[in-house]
1. Once every DSSP H run of n ≥ 4 in the chain is given -39500 (n - 2.57) and the sum is divided by its residues, what mean residue ellipticity at 222 nm do you get, rounded to the nearest 500 deg cm²/dmol?
2. Using modelled amide H (1.01 Å from N, peptide plane; none on Pro or chain starts), what sits under 5 Å from the amide H of ALA83, excluding residues fewer than 5 places away?
3. Go through the stretch 31-46 residue by residue and turn each phi into a ³J(HN,Hα) via Karplus (6.51, -1.76, 1.60, θ = phi - 60°); whole Hz please, and just put x for glycine and proline.
4. Could you give the longest part of the chain that holds none of the trypsin sites (Lys or Arg not before Pro) found in DSSP loops with at most 15 neighbouring Cβ atoms within 10 Å?
5. For SER29 and ASP2 in the same chain, what is the full-extension length gain: residue separation times 0.36 nm, less their Cα-Cα distance, in nm?
6. So which GluC sites (Glu not before Pro) in the stretch 31-102 end up in coil per DSSP with only 13 or fewer other C-beta atoms within 10 Å?
7. Could you pull out every residue, at least 5 positions away or on a different chain, whose amide H is within less than 5 Å of the one on ARG72? Hs are placed 1.01 Å off N in the peptide plane, and Pro or chain starts have none.
8. With a point put 7 Å past each Cα toward its Cβ, work out how far ARG72 is from VAL55 in nm, to one decimal.
Amino acid sequence: PDLAVVRAQDIDRRTLPRTALLVVEVADSSLRKDRGVKTVIYARYGIPEYWIVNVKSSTVEVHRDPDPEAGRYRTLLTAGTDATLSPTGLQAVSISVRELFA
């Protein structure tokens, strides 16, 4: 991923974390792969929230509520530049979509 938010207790200096609270992919030419293969991978690993920052449309696709067996997310929201996002695992954090594209 381009960005992964990981709990401190899940970090081990010898290996990469196997889980994250939030995974973010910045998609321009990789949009098809990020919507397809990567969505399946992150859902199967039970990543609770996955964002695709869609450079071409200036939107953020927010995938929530993974179904690991099906390899998909049950909820998909698309946030435009007027939106502010708060990751479900980090509710004290607020991110302006407009500022992501500034």
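1. -3500 deg cm²/dmol
2. When sequence neighbours closer than 5 places are left aside, the close amide H contacts are VAL97, ARG98.
3. 4, 4, 5, 5, 6, x, 4, 5, 4, 4, 4, 5, 5, 4, 7, x
4. In short, 57-102.
5. Result for the pair: 8.3 nm of gain on full extension.
6. GLU69
7. ASP67
8. 2.9 nm
A short reminder: the numbers here are calculations on the coordinates, not readings from a lab. All figures in this text were calculated on a predicted structure; none of them were measured in a lab. We place every Cβ from the backbone using ideal geometry, glycine too, and count neighbours over all the protein chains shown.
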